[in-house]
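I have placed the structure first, in the form of structure tokens, so that the comments after it can refer back to it.
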Amino acid sequence: MDLKFIRKKIYTFIKIISTVLITGAIGLESWNIYAVITNINVPSSLNPIFWIERFAIMSNFIESIIAAFYAPSRQKIPIKYATYTFFVGTIGLLELFGQQDEY
């Protein structure tokens, strides 16, 4: 098999999984904030999951800031590419900086 074909398939799979997980993390954090505001008890066993999702959201947020900063130099719309990079993660930065030839 061609290496570019394999990379394209893997990147597509990672993009889908990343988008689903980041969306789920946003939903989970929203539920946690709602529970705190309304004084609903959240099981303490979920605390490690909350920390993991917060780390994922913050790292993707930092990546999206980097993408927004460098997008104009690559003839991309900053807000659009920052949003894209927030949801797909590092793959978005790799695409922005030209680490892939097929995209």
Task: By average C-beta atoms within 10 angstrom, highest first, the peptides 67-74, 39-46, 26-33 - done: 67-74, 26-33, 39-46
Open item on the list: For 13, 61, give me the order by solvent-accessible area with a 1.4 Å probe, most accessible first, ignoring ligands, DNA and RNA.
Closed with: 13, 61
Task: Local electrostatic count, residue 32, Cβ distance below 14 Å [Lys/Arg +1, Asp/Glu -1] - done: -1
- [ ] Can you pull the one-decimal nm distance between simple spin-label points at residue 46 and residue 29, each 7 Å off the Cα toward Cβ?
- [x] 1.6
Open item on the list: Name the residue from 40, 79, 19 whose Cα lies farthest towards the positive end of the charge dipole of the chain, charges +1 on Cβ of Lys and Arg and -1 on Cβ of Asp and Glu.
Closed with: 79
TODO: Pull out a ≥ b ≥ c, the square roots of the eigenvalues of the alpha-carbon gyration tensor of the stretch 41-103, then state rounded if a/c is under 1.5, prolate if not and a/b is larger than b/c, and oblate in the remaining case.
DONE: prolate
- [ ] Enter the angle in degrees (range 0 to 90, nearest 10) between the Cα long axis of helix 78-88 and the first principal axis of the Cα atoms of the chain, meaning the one along which they spread out most.
- [x] 70
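Could you do me a favour and compute the accessible area per residue for the chain, 1.4 Å probe, result in Å²? If you can, show how the numbers build up before the last one.
On the way: 7130 Å² over 103 residues.
About 69 Å² of surface per residue is accessible.
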Open item on the list: As a test of reading the structure, rank 53, 95 by solvent-accessible area (1.4 Å probe, protein chains only), most first.
Closed with: 95, 53
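Using unit Cβ charges (K, R positive; D, E negative) and no other charged atoms, how large, in debye to the nearest 20, is the dipole of the chain about its Cα centre?
Numbers: 9 positive and 7 negative charges, 44 e Å.
Charge dipole of the chain: 220 debye, to the nearest 20.
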TODO: Enter the angle in degrees (range 0 to 90, nearest 10) between the Cα long axis of helix 47-70 and the first principal axis of the Cα atoms of the chain, meaning the one along which they spread out most.
DONE: 40
- [ ] Can you pull the one-decimal nm distance between simple spin-label points at residue 73 and residue 12, each 7 Å off the Cα toward Cβ?
- [x] 3.1
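For 11, 34, 84, write out the residues from largest to smallest accessible area, computed with a 1.4 angstrom probe and no ligands counted.
Working: 11 40, 34 130, 84 70 Å².
Final ranking, largest accessible area leading: 34, 84, 11.
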TODO: Quick one: pull the percent of accessible area on the chain belonging to carbon and sulfur, 1.4 Å probe, ligands and nucleic acids left out.
DONE: 71
- [ ] Under 1.5 on a/c is rounded, so check that first for the stretch 1-87, then, if it is not, pick prolate when a/b is larger than b/c and oblate when it is not; a ≥ b ≥ c are the square roots of the alpha carbon gyration tensor eigenvalues.
- [x] oblate
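The values are calculated or read from the model by the stated rules, or taken from the named source; none is laboratory data. Keep in mind it's a predicted model, so treat the numbers as computed, not measured. Using ideal geometry, Cβ is built from the backbone for each residue, glycine included, and neighbour counts are taken over all protein chains shown. Note: areas computed on protein heavy atoms with side chains; ligands, DNA, RNA excluded. Shrake-Rupley method; radii C 1.70, N 1.55, O 1.52, S 1.80 Å.
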